[in-house]
1. Take peptides 53-59, 115-121 and line them up by average Cβ neighbours within 10 Å, highest first, as a rough protection proxy.
2. Kindly express, to the nearest 10 degrees and within the range 0 to 90, the angle between helix 136-148's C-alpha long axis and the longest C-alpha principal axis of the chain.
3. Find the lysine pairs in the chain meeting two conditions, Cα atoms under 15 Å apart and a separation of 8 or more places or different chains, and report how many there are.
4. Please work out the average accessible area per residue across the range 90-129, using the 1.4 Å probe convention, and give it in Å².
5. Kindly express, to the nearest 10 degrees and within the range 0 to 90, the angle between helix 92-102's C-alpha long axis and the longest C-alpha principal axis of the chain.
6. For the chain, what % of the accessible area comes from carbon and sulfur atoms, probe 1.4 Å?
7. For the range 11-56 and the range 157-231, what is the centre-to-centre distance using only Cα atoms, to the nearest Å?
8. Can you compute the charge dipole magnitude of the chain about its Cα centre, using +1 on each Lys and Arg Cβ and -1 on each Asp and Glu Cβ, nothing else charged? Give it in debye, rounded to the nearest 20.
Amino acid sequence: MKGDPIITMTRVTKRFGNNTLAVSDMSLTINEGEFITFLGPSGCGKSTALKMIAGLLPVTAGTITIAPPQGKTEQDLGFVFQEPTLMPWATVFDNVFLPLRLAGINRSQATPRVDKALADVGLTKFAKSYPRELSGGMKMRVSIARAMVTKPRILLMDEPFAALDEMTRSKLNNDVMRLANELGLTVVFVTHSVFESVYLSTRVIVMAARPGRVADDLAVTVPWPRNDEWRISPDFSAEARRISNSLKGTLDVNHIDH
(Lines give C-alpha, C1' and ligand atoms only; values in the text may rest on other atoms or scores of the structure.)
Protein backbone atom coordinates (compact mmCIF):
# COMPACT_ATOMS: atom_id res chain seq x y z
CA MET A 1 0.00 0.00 0.00
CA LYS A 2 1.19 3.52 -0.80
CA GLY A 3 1.72 5.92 2.06
CA ASP A 4 1.52 9.64 2.74
CA PRO A 5 3.01 12.32 0.48
CA ILE A 6 6.81 12.24 0.67
CA ILE A 7 7.78 14.68 -2.13
CA THR A 8 5.69 17.71 -3.03
CA MET A 9 6.57 19.99 -5.96
CA THR A 10 4.53 23.20 -5.99
CA ARG A 11 4.68 25.44 -9.08
CA VAL A 12 8.37 24.70 -9.59
CA THR A 13 10.19 26.65 -12.29
CA LYS A 14 13.82 26.41 -13.40
CA ARG A 15 15.40 29.05 -15.60
CA PHE A 16 19.10 28.73 -16.43
CA GLY A 17 21.55 31.63 -16.69
CA ASN A 18 21.29 31.78 -20.49
CA ASN A 19 17.55 32.49 -20.00
CA THR A 20 16.53 28.97 -21.04
CA LEU A 21 13.26 28.03 -19.34
CA ALA A 22 13.83 24.31 -18.61
CA VAL A 23 10.87 23.62 -16.28
CA SER A 24 7.79 25.79 -15.85
CA ASP A 25 5.12 25.75 -13.13
CA MET A 26 5.51 22.02 -12.36
CA SER A 27 3.33 20.68 -9.55
CA LEU A 28 3.38 17.06 -8.43
CA THR A 29 2.80 14.99 -5.30
CA ILE A 30 4.70 11.71 -4.88
CA ASN A 31 3.58 9.32 -2.15
CA GLU A 32 5.73 7.08 0.00
CA GLY A 33 6.39 3.70 -1.64
CA GLU A 34 5.50 4.77 -5.17
CA PHE A 35 7.68 4.03 -8.20
CA ILE A 36 7.36 7.16 -10.31
CA THR A 37 8.77 7.57 -13.81
CA PHE A 38 9.40 10.87 -15.55
CA LEU A 39 8.91 10.03 -19.24
CA GLY A 40 9.53 12.33 -22.15
CA PRO A 41 11.80 13.22 -25.07
CA SER A 42 15.35 14.50 -24.62
CA GLY A 43 15.43 18.09 -23.44
CA CYS A 44 11.99 18.08 -21.78
CA GLY A 45 13.31 18.85 -18.28
CA LYS A 46 13.12 15.32 -16.78
CA SER A 47 16.69 15.32 -15.45
CA THR A 48 16.42 18.96 -14.40
CA ALA A 49 13.31 18.16 -12.31
CA LEU A 50 15.07 15.15 -10.76
CA LYS A 51 18.17 17.20 -9.88
CA MET A 52 16.01 19.87 -8.25
CA ILE A 53 14.35 17.19 -6.08
CA ALA A 54 17.84 15.98 -5.13
CA GLY A 55 18.97 19.51 -4.23
CA LEU A 56 21.67 19.36 -6.91
CA LEU A 57 20.06 22.31 -8.71
CA PRO A 58 18.32 25.26 -7.04
CA VAL A 59 14.75 26.08 -8.07
CA THR A 60 14.16 29.46 -9.71
CA ALA A 61 10.61 29.68 -8.36
CA GLY A 62 8.20 27.47 -6.45
CA THR A 63 8.96 24.96 -3.70
CA ILE A 64 9.99 21.33 -3.30
CA THR A 65 9.16 19.78 0.07
CA ILE A 66 10.39 16.40 1.32
CA ALA A 67 8.46 15.08 4.31
CA PRO A 68 10.66 14.53 7.37
CA PRO A 69 11.37 10.88 8.25
CA GLN A 70 9.47 9.31 11.12
CA GLY A 71 12.56 7.50 12.42
CA LYS A 72 16.27 8.23 12.32
CA THR A 73 17.77 8.09 8.86
CA GLU A 74 21.29 8.91 7.77
CA GLN A 75 20.36 10.23 4.38
CA ASP A 76 17.01 10.89 2.74
CA LEU A 77 18.16 10.59 -0.85
CA GLY A 78 20.21 8.20 -2.95
CA PHE A 79 21.07 9.34 -6.49
CA VAL A 80 22.11 7.15 -9.44
CA PHE A 81 23.47 9.11 -12.41
CA GLN A 82 23.40 8.24 -16.12
CA GLU A 83 27.07 7.27 -15.87
CA PRO A 84 28.32 5.05 -13.02
CA THR A 85 30.86 7.78 -12.00
CA LEU A 86 33.13 5.32 -10.18
CA MET A 87 36.65 6.09 -8.94
CA PRO A 88 38.85 4.04 -11.30
CA TRP A 89 41.68 3.70 -8.77
CA ALA A 90 39.43 2.26 -6.04
CA THR A 91 38.05 -1.26 -5.65
CA VAL A 92 34.34 -2.01 -5.88
CA PHE A 93 34.25 -2.21 -2.06
CA ASP A 94 35.89 1.21 -1.67
CA ASN A 95 33.60 2.82 -4.26
CA VAL A 96 30.55 1.64 -2.29
CA PHE A 97 32.19 2.56 1.03
CA LEU A 98 32.79 6.17 -0.11
CA PRO A 99 29.54 7.83 1.12
CA LEU A 100 29.88 6.14 4.52
CA ARG A 101 33.52 7.22 4.77
CA LEU A 102 32.48 10.80 3.93
CA ALA A 103 29.86 10.53 6.71
CA GLY A 104 32.63 9.69 9.20
CA ILE A 105 31.88 5.97 9.54
CA ASN A 106 35.04 3.90 9.87
CA ARG A 107 35.84 0.92 7.69
CA SER A 108 35.17 -1.78 10.28
CA GLN A 109 31.77 -0.30 11.14
CA ALA A 110 30.93 0.12 7.45
CA THR A 111 32.00 -3.33 6.25
CA PRO A 112 28.72 -5.17 7.05
CA ARG A 113 26.74 -2.37 5.35
CA VAL A 114 28.94 -2.44 2.24
CA ASP A 115 28.81 -6.24 2.11
CA LYS A 116 25.01 -6.14 2.32
CA ALA A 117 24.75 -3.50 -0.43
CA LEU A 118 26.99 -5.57 -2.71
CA ALA A 119 25.00 -8.73 -1.96
CA ASP A 120 21.77 -6.88 -2.82
CA VAL A 121 23.06 -6.18 -6.35
CA GLY A 122 24.77 -9.56 -6.81
CA LEU A 123 28.38 -8.35 -6.64
CA THR A 124 29.69 -10.07 -3.50
CA LYS A 125 32.41 -11.86 -5.47
CA PHE A 126 33.64 -8.64 -7.07
CA ALA A 127 34.35 -6.59 -3.92
CA LYS A 128 38.10 -6.54 -4.64
CA SER A 129 37.76 -5.89 -8.38
CA TYR A 130 38.44 -2.54 -10.05
CA PRO A 131 35.99 -0.72 -12.35
CA ARG A 132 38.14 -1.46 -15.42
CA GLU A 133 37.51 -5.17 -14.84
CA LEU A 134 33.71 -4.81 -14.89
CA SER A 135 31.10 -4.75 -17.65
CA GLY A 136 28.84 -1.71 -18.11
CA GLY A 137 25.99 -3.44 -16.28
CA MET A 138 28.23 -4.40 -13.35
CA LYS A 139 29.50 -0.83 -13.04
CA MET A 140 25.91 0.37 -12.84
CA ARG A 141 25.23 -2.22 -10.11
CA VAL A 142 28.14 -0.74 -8.13
CA SER A 143 26.61 2.70 -8.57
CA ILE A 144 23.25 1.42 -7.28
CA ALA A 145 24.95 -0.27 -4.29
CA ARG A 146 26.74 3.00 -3.48
CA ALA A 147 23.42 4.87 -3.53
CA MET A 148 21.77 2.21 -1.34
CA VAL A 149 24.51 1.84 1.28
CA THR A 150 23.33 4.98 3.11
CA LYS A 151 19.86 3.40 3.54
CA PRO A 152 17.94 6.22 1.84
CA ARG A 153 14.14 6.48 1.86
CA ILE A 154 14.09 7.93 -1.65
CA LEU A 155 16.06 6.67 -4.65
CA LEU A 156 16.45 9.04 -7.61
CA MET A 157 17.65 7.49 -10.89
CA ASP A 158 18.56 9.55 -13.97
CA GLU A 159 18.33 7.31 -17.07
CA PRO A 160 20.71 4.83 -15.44
CA PHE A 161 20.28 2.01 -17.98
CA ALA A 162 20.09 3.98 -21.24
CA ALA A 163 23.56 2.91 -22.43
CA LEU A 164 23.11 -0.81 -21.66
CA ASP A 165 22.08 -3.66 -23.93
CA GLU A 166 18.46 -4.85 -23.73
CA MET A 167 19.16 -8.04 -21.76
CA THR A 168 21.26 -6.26 -19.11
CA ARG A 169 18.70 -3.48 -18.91
CA SER A 170 15.89 -6.01 -18.28
CA LYS A 171 17.87 -7.69 -15.50
CA LEU A 172 18.63 -4.37 -13.82
CA ASN A 173 14.98 -3.28 -14.12
CA ASN A 174 14.05 -6.42 -12.16
CA ASP A 175 16.80 -5.81 -9.59
CA VAL A 176 15.71 -2.23 -8.94
CA MET A 177 12.05 -3.24 -8.60
CA ARG A 178 12.98 -6.04 -6.19
CA LEU A 179 15.13 -3.72 -4.03
CA ALA A 180 12.47 -1.01 -4.02
CA ASN A 181 9.90 -3.55 -2.87
CA GLU A 182 12.11 -5.23 -0.24
CA LEU A 183 13.38 -1.98 1.25
CA GLY A 184 10.16 0.04 0.96
CA LEU A 185 11.79 2.71 -1.19
CA THR A 186 10.16 5.60 -2.98
CA VAL A 187 11.73 5.72 -6.45
CA VAL A 188 11.75 8.54 -9.01
CA PHE A 189 13.16 7.23 -12.28
CA VAL A 190 13.91 9.19 -15.47
CA THR A 191 13.64 7.45 -18.85
CA HIS A 192 12.74 8.12 -22.48
CA SER A 193 11.67 4.49 -22.97
CA VAL A 194 7.91 3.90 -22.92
CA PHE A 195 8.44 0.18 -22.32
CA GLU A 196 10.75 0.76 -19.35
CA SER A 197 8.32 3.24 -17.81
CA VAL A 198 5.37 0.82 -18.17
CA TYR A 199 7.29 -2.12 -16.74
CA LEU A 200 8.71 -0.33 -13.69
CA SER A 201 6.18 2.24 -12.62
CA THR A 202 3.15 2.56 -10.44
CA ARG A 203 2.71 6.03 -12.03
CA VAL A 204 4.09 7.52 -15.22
CA ILE A 205 4.51 11.28 -15.36
CA VAL A 206 4.52 12.25 -19.04
CA MET A 207 6.42 15.51 -19.47
CA ALA A 208 5.94 18.06 -22.22
CA ALA A 209 8.98 19.82 -23.60
CA ARG A 210 9.76 23.49 -24.08
CA PRO A 211 9.35 24.18 -21.19
CA GLY A 212 9.16 21.00 -19.10
CA ARG A 213 5.91 20.46 -17.22
CA VAL A 214 3.50 17.65 -16.32
CA ALA A 215 1.45 16.83 -19.41
CA ASP A 216 -0.14 13.65 -18.05
CA ASP A 217 -0.15 11.66 -14.80
CA LEU A 218 -1.01 8.04 -15.57
CA ALA A 219 -1.40 5.26 -13.00
CA VAL A 220 -0.24 1.78 -14.01
CA THR A 221 -2.56 -0.32 -11.89
CA VAL A 222 -1.16 -3.77 -12.75
CA PRO A 223 0.06 -5.54 -9.55
CA TRP A 224 3.59 -4.51 -8.59
CA PRO A 225 6.39 -5.66 -8.51
CA ARG A 226 6.24 -7.34 -11.91
CA ASN A 227 8.09 -10.07 -13.76
CA ASP A 228 9.32 -10.85 -17.26
CA GLU A 229 6.16 -12.77 -18.14
CA TRP A 230 4.20 -9.53 -17.97
CA ARG A 231 6.48 -8.00 -20.64
CA ILE A 232 4.96 -10.32 -23.27
CA SER A 233 1.34 -10.08 -22.12
CA PRO A 234 -1.50 -8.29 -23.96
CA ASP A 235 -1.97 -6.09 -20.85
CA PHE A 236 1.59 -4.82 -21.17
CA SER A 237 1.06 -3.98 -24.85
CA ALA A 238 -2.16 -2.15 -24.02
CA GLU A 239 -0.48 -0.08 -21.27
CA ALA A 240 2.45 0.73 -23.58
CA ARG A 241 0.00 1.90 -26.26
CA ARG A 242 -1.88 4.08 -23.77
CA ILE A 243 1.27 5.77 -22.50
CA SER A 244 2.78 6.03 -25.97
CA ASN A 245 -0.35 7.82 -27.19
CA SER A 246 -0.11 10.27 -24.30
CA LEU A 247 3.54 10.95 -25.12
CA LYS A 248 2.74 11.37 -28.81
CA GLY A 249 0.02 13.84 -27.85
CA THR A 250 2.53 16.06 -26.06
CA LEU A 251 4.88 15.95 -29.07
CA ASP A 252 2.06 16.89 -31.44
CA VAL A 253 1.07 19.80 -29.18
CA ASN A 254 4.66 21.02 -29.00
CA HIS A 255 4.99 20.77 -32.76
CA ILE A 256 1.89 22.94 -33.22
CA ASP A 257 2.93 25.43 -30.52
CA HIS A 258 6.44 25.84 -31.79
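1. 115-121, 53-59
2. The angle comes out at about 90 degrees.
3. Close lysine pairs found across the chain: 9.
4. 53
5. 80
6. 54
7. The two parts, judged by their Cα centres, are 16 Å apart.
8. Around 600 debye, computed over the chain.
The values are calculated or read from the model by the stated rules, or taken from the named source; none is laboratory data. As the structure is a prediction and not an experimental result, all values here were calculated from the model. We place every Cβ from the backbone using ideal geometry, glycine too, and count neighbours over all the protein chains shown. Please note that ligands, DNA and RNA were not included when accessible areas were found on the heavy atoms of the full protein model with its side chains. Shrake-Rupley method; radii C 1.70, N 1.55, O 1.52, S 1.80 Å.
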